[in-house]
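Notes to accompany the following structure.
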């Protein structure tokens, strides 16, 4: 386990990055038997690969594990259900083209939608309660998302989502949550799994969130190319996960690039599992909203997050911490280092308790011990928008050795900020009044 962050400035800084190194060493990808199960040996053909893939996965699992191999070609498939000890290997030159027929993702499975538990259409690649699973290779996963298929549901699910939120608040059991059929499912979702590897593949045209582990432990996500720009097409969403390493990913998203979450509202309180011990490094983060986002499904809390050596260009925000009194939750011990930001269209950092419903709820969020160190920003509209509550200030928010080039002043309310060798447009900032 990683050592807790002390939060004590210089002494704490010396402890922070060794803790990140221990996390990197401790989170080890699963290892599989050196046995291949080619999908063609189980009847898969390019025009109708789903049954063959399912048969290969079942045979691989039953034999004690190995690698299910998708060879070069365009393989049209229905949903894929992974099992323990199975590595799905998508070879160079191979594309898995997923059906756009919702009936191909039945029966309904246990999943989450926007932080709430629900029985919904299965994600395109799904695993539940598994140990040692992987998706590898340099091939492509194509969800065929478009405004003629999955993305149109974005405009059609408001009533169903409102029903789901009401059912969550009243504690309706999962098996009784019937909300309809227009809630989109994620593309790749390991749910309640241990020892997960997702490596190398390219993901395009996702129906919804692209990579979405939920309640998982010991997760490695590396060297992915994610390029889906539909509505809410987040790149990587970690929800109530522990011990995660994300490295070397190139992400273009229709919403947040990497988002950390922990459940929402009553479900988040009931499940109560924070996302914790996460290292993000050497990633290129492009469009659209937050490059690194914490929230807004934040009710279970987030702690011990380390981000380093990333390149950011194009989103609204480099760091986006978002919650309110309806979502609540906490963020603590977040450290970002050695970031190069070429362009953000709004604030470099927005930490905002007033997003959405603002103060109109019973849950008071808190944020403390956040540090940005060695961050270089070539251009942004503002450096900061940091707004806590009068009765819940944002505490111990530090900027060290940072340089910002911006167009407009910052906004800071109910927050304790400190600056050490920070410049804005070439001028040294000594206190919060000089950054406004």
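Rule-based calculations on the coordinates, nothing more; no lab input. Quantities reported herein were computed from a predicted structural model and do not represent experimental measurements. We place every Cβ from the backbone using ideal geometry, glycine too, and count neighbours over all the protein chains shown.
Classification of region 128-204 by its C-alpha gyration tensor yields an oblate form. The axis ratio a/c (a ≥ b ≥ c) is 1.5 or more, and b/c is at least a/b. With the highest mean first, a sort of the peptides 260-266, 272-278 on other beta-carbon atoms found within 10 angstrom per residue produces 260-266, 272-278. Relative to the globular-protein estimate of 2.2 N^0.38 Å, the Cα radius of gyration of region 288-352 stands at 1.11.
Classify region 332-403 as rounded, prolate or oblate, taking a ≥ b ≥ c as the square roots of the eigenvalues of its Cα gyration tensor: rounded when a/c is under 1.5, otherwise prolate if a/b is larger than b/c and oblate if not. Oblate is the answer for region 332-403, as a/c is 1.5 or above yet b/c matches or exceeds a/b. Considering only 145, 314, 171, the Gaussian network model of the chain with Cα springs below 10 Å gives its largest mean-square fluctuation to 171. Calculate how steeply helix 158-169 sits against the longest principal axis of the alpha-carbon atoms of the chain, using the helix alpha-carbon long axis, and give the answer as 0 to 90 degrees to the nearest 10. Its long axis makes an angle of about 80 degrees.
Of all DSSP-defined beta bridges confined to the chain, some 5% are antiparallel rather than parallel.
Between 376, 390, 182, the GNM of the chain built on Cα springs shorter than 10 angstrom shows 390 fluctuating the most.
Stokes-Einstein, applied to the Kirkwood radius of region 9-434 over Cα pairs at a viscosity of 1.567 mPa s and 4 °C, places its translational diffusion at 59 µm² s⁻¹. How far is helix 50-62 tilted, in degrees, relative to the longest principal axis of the Cα atoms in the chain, given as a value from 0 to 90 rounded to the nearest 10? Computed tilt is about 80 degrees. Relative contact order, whole percent, for the chain stands at 9, derived from Cα pairs under 8 Å and 6 or more residues apart. Please give the FRET efficiency for residue 35 paired with residue 58, using the beta carbon to beta carbon distance and R0 = 22 Å, rounded to the nearest 0.05. Once the sixth-power term is evaluated, E becomes 0.95. Estimated at 0.36 nm per residue, the fully extended path between residue 192 and residue 342 surpasses their Cα-Cα distance by 50.3 nm. A Förster distance of 60 Å, applied to the separation of the beta-carbon atoms of residue 364 and residue 138, puts the FRET efficiency at 0.80.
Here each label is just a point 7 Å from Cα along the line to Cβ, and for residue 269 and residue 223 those points are 4.5 nm apart. In the chain, the longest principal axis of the Cα atoms and the axis of helix 9-26 are about 10 degrees apart. Springs between alpha-carbon pairs under 10 angstrom, Gaussian network model over the chain: which of 283, 402, 249 fluctuates most? Taking springs between Cα atoms under 10 Å, the residue moving most is 402. On the basis of the beta-carbon distance and an R0 of 25 Å, residue 17 and residue 431 show a calculated FRET efficiency of 0.40. A compact globular protein would have a Cα radius of gyration near 2.2 N^0.38 Å; the ratio found for region 293-430 is 0.99. You can think of it this way: the chain between residue 420 and residue 163 has 87.7 nm of extra reach, that is 0.36 nm per residue less the Cα-Cα gap.
Once you divide the Cα radius of gyration of region 35-169 by 2.2 N^0.38 Å, the number left is 1.15.
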